[in-house]
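Remarks on the structure that follows.
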Amino acid sequence: MGLTFGLSKQNITPDFPTCLACSQQKDTLFERIHDNIFVRCSILNNDGHYVLIISYDLLFHSRDLYNFVYDYISGRLDIGMPDILINYTHDHNAPSVMGYNNFSASPEYEELLKRKTAECIDDALAEMEPGIMEYGIIEGDWNINRRRPSPDGIILAPNPGGPRDKNIYVLKLISGTAKIKGLIINYACHPVHYPDTLGLTSEYPGYLCRYIEEELKGCTPLFLQGAGADVRPLGTAEGSRFAHRSFEFIKSMAASMKDSLMSVLDTPLFRPIEPSFASVSFSVEVPTADEGRQYFQQNKLNINLSGHLRRNAESIYTNYDSIKESFTLHCGIIKLSDNLVIAHMGGEPVCGVKFEIEKSLIGYDVIFTGYTDACAYIVTDSMIDEDGYEVQCFLEYMHKGRIKKGIDSILTTAFSNALNRL
């Protein structure tokens, strides 16, 4: 039987007002739609083993969407939860949804998401056809580390010498008639040009997909956000600071990425992949420190914080005794062949997390994605020693304190053990 696949997309742009997720205008209804946002779906089947990959032009969502997708597709296919990967491009200028700043989420939009997701899955199933896979890696220069050392510690500013993942990782899906029908594109970079804090846009991931569709007629690309928590678009760096940029910067970044991809798409840089699917999912408990109840009492009244963070502080203060000093991090591995895996996790992983986990996956090329839910910034031990925004940003995710040291070992051990179970 070999490989079959189906791809589709659905427009998830609301035709009614919603708040924007994280455009620096939280709790505020958007005023303009600059371009549409989409859900994109790829269903892969290798001799009866199905894998479902879904990408949303959204900031995040809670795990509830995973449960909805599983309940929906398991009634149509013999598929397990470990075979499902949902990724969010981390689009800050997308509608608010459940899982992050629930106060601003729209029940009407939640229903639209479910309806369009179901239609997207049905469309992909209807388009199943035989084909082959190829895999390639393209190096580029589109992102920059955002953690710069200073006399005052780590600050949120351009750090050209800081760690980053420069590569685009691409899985190419080719039909039996040698036509490129799908591209699964993995790249690590925050979509934070902030071109219009009251405008809805798909940002550079959406434009990249759009430009590919325009050049490759009949191709459906999916963008999977990687370990991008500590990197921003290179074009947003302005000397020693980051600046808001126009849509022209977004288009330029997306066009450059598209041109680099298209220039090598039909070259030996891409190698055939012999499919051999297996999947495993698992979760780990990540220990967190405790800042003390007084910290949250003070911050619920701190007018320098956003309403979102003050509400979080109020909730933690009120429910302090029932909140555990850890959080659950959902992870998984999807093996596509004997030398290629997709490793994924929730939250916002920094690039160092990917580099650590790759040590547990020796012998495999790794497509690494975070952003499968909204649980926390996922940092490394060395980053905890350095401190900085990603380490301190626990109030945003409703935790009592920052991640404790030992996270490197927790993650590498968990992924190593999971690989042995495949």
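The values are calculated or read from the model by the stated rules, or taken from the named source; none is laboratory data. Since this is a predicted model, take the numbers as computed values, not measurements. FYI the Cβ positions are ideal-geometry reconstructions off the backbone, even for glycines, and counts take in every protein chain you see.
Note on the range 161-198: among residues that are farther than 23 Å from LEU59 by Cα and of a type in the set (S, T, N, Q), the one that is farthest from the chain's Cα centre (by Cα) is THR177.
Assuming THR380 fulfils every condition listed in (1) of a type outside the set (Lys, Arg); (2) surrounded by 22 or more Cβ atoms within 10 Å (Cβ to Cβ); (3) modelled with pLDDT under 95 apart from one, which condition is it? Answer for THR380: the failing condition is (3).
Within the bounds of the range 402-411, is there any residue that is in contact with a Gly (Cβ under 8 Å, 6 or more places away or on another chain) and charged (D, E, K, R)?
No - not one qualifying residue is present in the range 402-411.
Restricting ILE323, ILE273, ILE316 to residues that are touching a strand residue (DSSP E or B) at 6+ places or on another chain (Cβ under 6 Å) and crowded, with 16+ Cβ neighbours inside 10 Å narrows the list to ILE273. Answer yes or no as to whether GLY75 is surrounded by fewer than 17 Cβ atoms within 10 Å (Cβ to Cβ) and touching a residue at least 12 places away in the same chain (Cβ under 8 Å). For GLY75, the condition - surrounded by fewer than 17 Cβ atoms within 10 Å (Cβ to Cβ) and touching a residue at least 12 places away in the same chain (Cβ under 8 Å) - is not met. Filtered by the rule that a residue be of a type in the set (Gly, Ala, Ser) and within 16 Å of the chain's Cα centre (by Cα), the range 68-99 gives ALA94, SER96, GLY99.
Given the residues LEU171, LEU125, LEU183, which is the only one that is outside any strand (DSSP E or B), assigned by TED's automatic domain parsing to the domain that holds THR89 and more than 15 Å from THR236 (Cβ to Cβ)?
Testing whether each residue is outside any strand (DSSP E or B), assigned by TED's automatic domain parsing to the domain that holds THR89 and more than 15 Å from THR236 (Cβ to Cβ) leaves just LEU125.
Specify the residue that is farthest from ALA418 (Cα to Cα); the eligible residues are those in the range 348-372 that are of a type in the set (Gly, Ala, Ser) and surrounded by fewer than 24 Cβ atoms within 10 Å (Cβ to Cβ). Across the range 348-372, the extreme among qualifying residues is GLY352.
Applying the set (1) part of a loop (DSSP other than H, G, I, E, B); (2) under 30 Å from LEU44 (Cβ atoms); (3) of a type outside the set (Lys, Arg) to VAL280 leaves exactly one unmet item: (1).
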